[in-house]
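> Just dropping this structure here.
The values are calculated or read from the model by the stated rules, or taken from the named source; none is laboratory data. None of these values were measured; they are calculated from a predicted model. Glycine also receives a Cβ, built like all others from the backbone with ideal geometry; neighbour counts cover every protein chain displayed. Quick note on the areas: whole protein, heavy atoms, side chains included, nothing else; ligands and nucleic acids left out. Shrake-Rupley method; radii C 1.70, N 1.55, O 1.52, S 1.80 Å.
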Amino acid sequence: MRVLEVKGLRAGYGQMEIVSNVTFDVGDREVVAVVGPNGSGKSTLLKAVFGLCRVFSGAVLFKGEDVTRLPPHKRSRLGMAYLPQTGNVFESLTVRENLMLAAHDLGEEEVGKRLEGVLSLFPELGGLMRRKVRTLSGGERQIVALSMSLLRNPSLVMLDEPTAALAPRLVKQALKRVVELRDEAGVSIVLVEQNALSALEVSDKALLMVSGTVKFWGSSRELLEDRELAKTYLGL
(Lines give C-alpha, C1' and ligand atoms only; values in the text may rest on other atoms or scores of the structure.)
Protein backbone atom coordinates (compact mmCIF):
# COMPACT_ATOMS: atom_id res chain seq x y z
CA MET A 1 0.00 0.00 0.00
CA ARG A 2 1.20 3.49 -0.86
CA VAL A 3 0.82 5.72 2.16
CA LEU A 4 1.94 8.80 0.22
CA GLU A 5 2.04 9.52 -3.51
CA VAL A 6 3.45 12.76 -4.88
CA LYS A 7 2.86 13.26 -8.59
CA GLY A 8 4.47 15.96 -10.75
CA LEU A 9 4.55 18.44 -7.88
CA ARG A 10 5.47 22.04 -8.62
CA ALA A 11 5.53 24.25 -5.54
CA GLY A 12 7.07 27.33 -4.00
CA TYR A 13 6.31 30.74 -2.49
CA GLY A 14 4.40 33.59 -4.13
CA GLN A 15 5.27 33.39 -7.81
CA MET A 16 8.60 31.64 -7.22
CA GLU A 17 8.75 27.95 -8.09
CA ILE A 18 11.21 26.07 -5.86
CA VAL A 19 10.18 22.45 -6.49
CA SER A 20 9.72 21.36 -10.10
CA ASN A 21 7.94 18.23 -11.30
CA VAL A 22 8.77 16.03 -8.30
CA THR A 23 7.32 12.52 -8.23
CA PHE A 24 7.89 9.89 -5.53
CA ASP A 25 5.96 7.63 -3.18
CA VAL A 26 6.22 6.16 0.30
CA GLY A 27 5.08 2.64 1.08
CA ASP A 28 3.75 1.19 4.31
CA ARG A 29 6.46 1.16 7.03
CA GLU A 30 9.02 2.57 4.61
CA VAL A 31 11.74 5.16 5.22
CA VAL A 32 12.43 7.52 2.31
CA ALA A 33 15.48 9.78 2.61
CA VAL A 34 15.40 13.11 0.76
CA VAL A 35 18.98 14.22 0.21
CA GLY A 36 20.88 16.76 -1.89
CA PRO A 37 22.94 19.95 -1.70
CA ASN A 38 21.79 22.97 0.30
CA GLY A 39 19.14 24.97 -1.52
CA SER A 40 17.80 21.98 -3.45
CA GLY A 41 14.21 22.44 -2.27
CA LYS A 42 14.15 19.54 0.18
CA SER A 43 12.44 21.43 3.00
CA THR A 44 10.07 23.14 0.57
CA LEU A 45 9.04 19.72 -0.69
CA LEU A 46 7.96 18.65 2.81
CA LYS A 47 6.09 21.91 3.32
CA ALA A 48 4.28 21.42 0.02
CA VAL A 49 3.29 17.87 0.93
CA PHE A 50 1.90 19.13 4.25
CA GLY A 51 0.14 22.15 2.73
CA LEU A 52 2.41 24.90 4.04
CA CYS A 53 3.41 26.51 0.75
CA ARG A 54 1.88 27.17 -2.65
CA VAL A 55 1.31 24.26 -5.03
CA PHE A 56 1.27 25.34 -8.68
CA SER A 57 0.44 21.94 -10.13
CA GLY A 58 0.66 18.23 -9.45
CA ALA A 59 -0.99 16.13 -6.77
CA VAL A 60 -0.46 14.84 -3.24
CA LEU A 61 -2.32 11.65 -2.35
CA PHE A 62 -2.47 10.27 1.17
CA LYS A 63 -3.74 6.69 1.45
CA GLY A 64 -5.27 7.13 -1.96
CA GLU A 65 -7.10 10.36 -1.11
CA ASP A 66 -6.24 13.58 -2.93
CA VAL A 67 -5.19 16.06 -0.23
CA THR A 68 -3.46 18.57 -2.51
CA ARG A 69 -5.78 21.42 -1.53
CA LEU A 70 -6.47 20.44 2.07
CA PRO A 71 -5.17 22.76 4.84
CA PRO A 72 -2.47 21.36 7.15
CA HIS A 73 -4.78 20.77 10.15
CA LYS A 74 -7.01 18.51 8.07
CA ARG A 75 -4.02 16.57 6.76
CA SER A 76 -2.91 16.14 10.36
CA ARG A 77 -6.29 14.69 11.32
CA LEU A 78 -5.98 12.18 8.48
CA GLY A 79 -2.68 10.91 9.92
CA MET A 80 0.09 13.08 8.46
CA ALA A 81 2.69 14.58 10.79
CA TYR A 82 5.35 17.16 9.93
CA LEU A 83 8.25 18.16 12.19
CA PRO A 84 10.04 21.32 11.03
CA GLN A 85 13.69 21.83 11.86
CA THR A 86 12.89 24.61 14.35
CA GLY A 87 9.84 25.86 16.20
CA ASN A 88 8.44 22.39 16.81
CA VAL A 89 8.05 22.66 20.62
CA PHE A 90 6.88 25.25 23.16
CA GLU A 91 10.07 26.14 25.00
CA SER A 92 8.47 27.95 27.95
CA LEU A 93 6.30 24.95 28.84
CA THR A 94 7.22 21.68 30.52
CA VAL A 95 7.54 18.46 28.58
CA ARG A 96 4.24 17.23 30.03
CA GLU A 97 2.48 20.45 29.06
CA ASN A 98 3.77 20.10 25.49
CA LEU A 99 2.47 16.55 25.29
CA MET A 100 -0.90 17.49 26.73
CA LEU A 101 -1.27 20.28 24.20
CA ALA A 102 -0.64 17.81 21.40
CA ALA A 103 -3.36 15.55 22.80
CA HIS A 104 -5.81 18.29 23.82
CA ASP A 105 -8.79 16.89 21.92
CA LEU A 106 -8.38 13.26 23.01
CA GLY A 107 -10.18 11.57 25.88
CA GLU A 108 -8.30 10.89 29.11
CA GLU A 109 -8.24 7.13 28.56
CA GLU A 110 -6.98 7.51 24.99
CA VAL A 111 -4.29 9.97 26.07
CA GLY A 112 -3.07 7.52 28.70
CA LYS A 113 -2.91 4.69 26.18
CA ARG A 114 -1.01 6.71 23.60
CA LEU A 115 1.35 8.20 26.17
CA GLU A 116 2.18 4.69 27.32
CA GLY A 117 3.08 3.79 23.74
CA VAL A 118 5.29 6.88 23.37
CA LEU A 119 7.10 6.13 26.63
CA SER A 120 7.80 2.58 25.48
CA LEU A 121 9.57 4.07 22.44
CA PHE A 122 11.32 6.85 24.36
CA PRO A 123 11.65 5.71 28.00
CA GLU A 124 13.98 8.63 28.78
CA LEU A 125 10.99 10.93 28.34
CA GLY A 126 9.59 9.80 31.69
CA GLY A 127 12.35 11.55 33.60
CA LEU A 128 11.90 14.81 31.70
CA MET A 129 8.19 15.43 32.23
CA ARG A 130 8.51 18.29 34.74
CA ARG A 131 11.38 20.07 33.01
CA LYS A 132 10.93 23.16 30.89
CA VAL A 133 11.70 22.38 27.27
CA ARG A 134 14.15 25.29 27.09
CA THR A 135 16.41 23.43 29.56
CA LEU A 136 16.69 20.35 27.35
CA SER A 137 19.45 19.40 24.92
CA GLY A 138 18.85 19.48 21.17
CA GLY A 139 18.37 15.73 21.07
CA GLU A 140 15.90 15.77 23.97
CA ARG A 141 13.87 18.51 22.29
CA GLN A 142 13.64 16.42 19.14
CA ILE A 143 12.33 13.50 21.20
CA VAL A 144 9.67 15.77 22.72
CA ALA A 145 8.63 17.06 19.29
CA LEU A 146 8.49 13.57 17.86
CA SER A 147 6.51 12.32 20.85
CA MET A 148 3.99 15.13 20.35
CA SER A 149 3.48 13.97 16.78
CA LEU A 150 3.16 10.32 17.78
CA LEU A 151 0.40 11.16 20.25
CA ARG A 152 -1.67 12.03 17.17
CA ASN A 153 -1.25 8.41 16.02
CA PRO A 154 0.07 9.28 12.52
CA SER A 155 0.60 6.91 9.61
CA LEU A 156 3.23 9.19 8.06
CA VAL A 157 5.89 11.29 9.81
CA MET A 158 7.92 13.82 7.83
CA LEU A 159 11.14 14.92 9.54
CA ASP A 160 13.04 18.01 8.41
CA GLU A 161 16.71 17.83 9.47
CA PRO A 162 16.14 15.99 12.79
CA THR A 163 19.89 15.79 13.47
CA ALA A 164 20.67 19.47 12.80
CA ALA A 165 20.99 20.39 16.50
CA LEU A 166 22.96 17.30 17.47
CA ALA A 167 26.65 16.74 18.03
CA PRO A 168 28.21 14.63 15.23
CA ARG A 169 28.68 11.66 17.57
CA LEU A 170 24.90 11.55 18.17
CA VAL A 171 23.76 11.64 14.54
CA LYS A 172 23.88 7.90 13.88
CA GLN A 173 22.20 7.20 17.20
CA ALA A 174 19.37 9.61 16.35
CA LEU A 175 18.82 8.07 12.92
CA LYS A 176 18.79 4.62 14.47
CA ARG A 177 15.81 5.84 16.48
CA VAL A 178 14.11 6.72 13.21
CA VAL A 179 14.35 3.08 12.15
CA GLU A 180 12.99 2.00 15.54
CA LEU A 181 10.10 4.38 15.01
CA ARG A 182 9.25 2.62 11.76
CA ASP A 183 9.67 -0.88 13.17
CA GLU A 184 8.00 -0.41 16.55
CA ALA A 185 5.37 2.27 15.89
CA GLY A 186 4.64 1.04 12.36
CA VAL A 187 4.79 4.46 10.70
CA SER A 188 6.13 5.48 7.31
CA ILE A 189 8.80 8.18 7.33
CA VAL A 190 10.08 10.87 4.97
CA LEU A 191 13.45 12.08 6.19
CA VAL A 192 15.10 15.26 4.93
CA GLU A 193 18.71 15.05 6.06
CA GLN A 194 22.02 16.80 5.35
CA ASN A 195 23.97 13.84 6.75
CA ALA A 196 23.42 11.99 3.48
CA LEU A 197 25.53 8.92 4.18
CA SER A 198 23.88 8.26 7.56
CA ALA A 199 20.41 8.84 6.11
CA LEU A 200 20.98 6.53 3.16
CA GLU A 201 22.27 3.80 5.47
CA VAL A 202 18.99 3.70 7.44
CA SER A 203 16.49 4.33 4.64
CA ASP A 204 14.77 2.05 2.15
CA LYS A 205 14.51 4.52 -0.73
CA ALA A 206 16.21 7.76 -1.67
CA LEU A 207 15.15 10.90 -3.45
CA LEU A 208 18.11 13.00 -4.60
CA MET A 209 17.13 16.59 -5.31
CA VAL A 210 19.25 19.16 -7.10
CA SER A 211 18.00 22.69 -7.82
CA GLY A 212 14.42 21.68 -7.10
CA THR A 213 14.37 18.71 -9.46
CA VAL A 214 14.80 14.96 -9.02
CA LYS A 215 18.23 13.61 -10.01
CA PHE A 216 17.66 10.14 -8.61
CA TRP A 217 14.74 8.13 -7.28
CA GLY A 218 15.18 4.52 -6.24
CA SER A 219 16.70 2.31 -3.58
CA SER A 220 19.10 3.92 -1.13
CA ARG A 221 21.62 1.18 -1.79
CA GLU A 222 21.64 1.98 -5.51
CA LEU A 223 22.35 5.64 -4.81
CA LEU A 224 25.18 4.73 -2.43
CA GLU A 225 26.67 2.51 -5.12
CA ASP A 226 26.39 5.18 -7.83
CA ARG A 227 29.81 6.75 -7.33
CA GLU A 228 29.30 9.58 -9.79
CA LEU A 229 26.04 10.84 -8.22
CA ALA A 230 27.27 10.27 -4.67
CA LYS A 231 30.50 12.20 -5.29
CA THR A 232 29.06 15.01 -7.41
CA TYR A 233 26.00 15.88 -5.33
CA LEU A 234 26.51 14.37 -1.88
CA GLY A 235 30.26 14.64 -1.39
CA LEU A 236 30.52 10.93 -0.60
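> Roll a 1.4 angstrom probe over the protein heavy atoms and tell me the percent of accessible area of the chain that is carbon or sulfur.
Ligands and nucleic acids excluded, carbon and sulfur reach 48 percent.
> First check a/c for segment 1-146, with a ≥ b ≥ c the square roots of the eigenvalues of its C-alpha gyration tensor; if it is under 1.5, answer rounded, and if not, answer prolate when a/b is larger than b/c or oblate otherwise.
prolate
> Which helices count as membrane-span-like in the chain under these terms: full DSSP H, at least 24 Å along the axis by C-alpha, Kyte-Doolittle mean of -1.0 or more?
168-185
> Is the shape of segment 171-236 best called rounded, prolate or oblate, per the rule: a/c under 1.5 gives rounded, else a/b larger than b/c gives prolate, else oblate, with a ≥ b ≥ c the square roots of the Cα gyration tensor eigenvalues?
prolate
> Gaussian network model of the chain, Cα springs within a sub-10 Å range: biggest mean-square fluctuation belongs to which of L125, L101, L45?
Among L125, L101, L45, the largest mean-square fluctuation in the Gaussian network model of the chain belongs to L101.
> Evaluate the distance, in nm, between pseudo-label points positioned 7 Å from the Cα of Y13 and of R130 along their respective Cα→Cβ axes.
Going from the Y13 label point to the R130 one covers 4.2 nm.
> Over segment 88-177, what is the relative contact order in whole percent, taking alpha-carbon pairs under 8 Å and six or more residues apart? Present the calculation step by step, with values, prior to reporting the outcome.
Numbers: 69 pairs, mean separation 34.2, N = 90.
For segment 88-177, the relative contact order is 38 percent.
> I would also like to ask the following. Relative contact order for segment 1-97: what is it in percent, counting Cα pairs under 8 Å that are at least 6 residues apart?
Worked out over segment 1-97, it gives 30 percent.
> Further question on the same structure: Please tell me which of these pairs span more than 32 angstrom C-alpha to C-alpha: K113/K176; K7/K132; K132/K231; K42/K63; K63/K172?
Exceeds cut-off: K7/K132; K132/K231.
> Taking θ as phi - 60°, what are the ³J(HN,Hα) couplings along segment 21-29 by the Karplus curve (6.51, -1.76, 1.60), each to the nearest whole Hz, with x for Gly and Pro?
My calculation for segment 21-29 gives 6, 8, 10, 6, 9, 10, x, 5, 6 Hz in order.
> Give me the 1.4 Å probe accessible area per residue for segment 26-109, excluding ligands and nucleic acids, in Å².
48
> Select from R54, R169, R182 the residue whose mean-square fluctuation is largest in a Gaussian network model of the chain (Cα-Cα springs shorter than 10 Å).
Its mean-square fluctuation being the largest, the pick is R169.
> A further question on this structure: Hey, what did the chain get for relative contact order, percent, Cα under 8 Å, at least 6 apart?
Reported relative contact order: 29 percent.
> Suppose every K and R has +1 on its Cβ and every D and E has -1 on its Cβ; what is the size of the dipole of the chain about the Cα centre, in Debye to the nearest 20?
Using Cβ point charges on Lys, Arg, Asp and Glu, the chain gives about 480 debye.
> Pick from K113, K172, K74: which residue has the top mean-square fluctuation in a GNM of the chain where Cα pairs under 10 Å get a spring?
K113
> State whether segment 26-75 is rounded, prolate or oblate according to the following rule on the C-alpha gyration tensor (a ≥ b ≥ c being the square roots of its eigenvalues): a/c under 1.5 gives rounded; otherwise a/b larger than b/c gives prolate, and the remaining case gives oblate.
Numbers: a/c = 2.13, a/b = 1.20, b/c = 1.77.
Verdict is oblate for segment 26-75.
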